[in-house]
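These notes are about the structure you will find just below.
Each value in this text was obtained by applying a stated rule to the coordinates, not by laboratory testing. Not measured: the values here are computed from a predicted model. Glycine also receives a Cβ, built like all others from the backbone with ideal geometry; neighbour counts cover every protein chain displayed.
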Amino acid sequence: MPGDHGPSPAALDSPYSDASIYVNAVAVTRVVSRLRDALALEGAGAAMTVGPVCVTGGPNDYVTGRRAHPFDFLEWPTVLECQAPEGAPAEEVVQAVTAVLEALWRGGFKAVAACDFEEALPARGGLDRYPIPTAASGSGSGGAGASVSSWWAKLISLGKGKDRML
C-alpha cells in the first residue's frame, strides 16, 4: 500500500511467513509441554498458537543419528516450525518468535532460529548465544577460521526454507 508506513504483513512469500527453531533436546513432547507451560498456553498436542504464529513441534528430519556438534544446530533433534498466516503484521511475528525463543532459553534449552528475520530476533535468533569457533579458539590449524565460516554459511543456507527445496 503506497504511503503506508505500518508493519508489513506476512504473506506466503514474505520473509516473515515462517521460521524454524532448532532445539537440542530429544523429547519433542517435553519441549512442547515445557514451552506451553512457560507461555501459559492452554491445550495439548504438538501445535500451539503464540500471537499470530502457529508453532508445531516435531522431530528434526535432518538428524543423522550421530551426536550433533554443539554448533551444528541443524542436526539438533527437535524442530519447532513457526508459521504466520497471510496478513499477520511482521512486528507481531517477530514478537511471537522472540517469546518462543526466550521461553526456551529460560527453560534451559539450547535453541536457534533459522529464518529470514534472524537479525530482528534477540541474539540473532540464538546464533550469538552459541558462537562459531574462530581460528584463535579452534584447534590451532591456522586457516580453520575461514573454513569454519564458509562451512557455517553453507549450513545456515541449507536450513532456511527446507520445505521449499523439496
Cβ under 15 Å from Ala27's Cβ, Ala27 left aside: what net charge do those residues give with Lys, Arg +1 and Asp, Glu -1? +3
Which net charge results when you count Lys and Arg as +1 and Asp and Glu as -1 among the other residues whose beta-carbon is under 12 Å from that of Gly108? +4
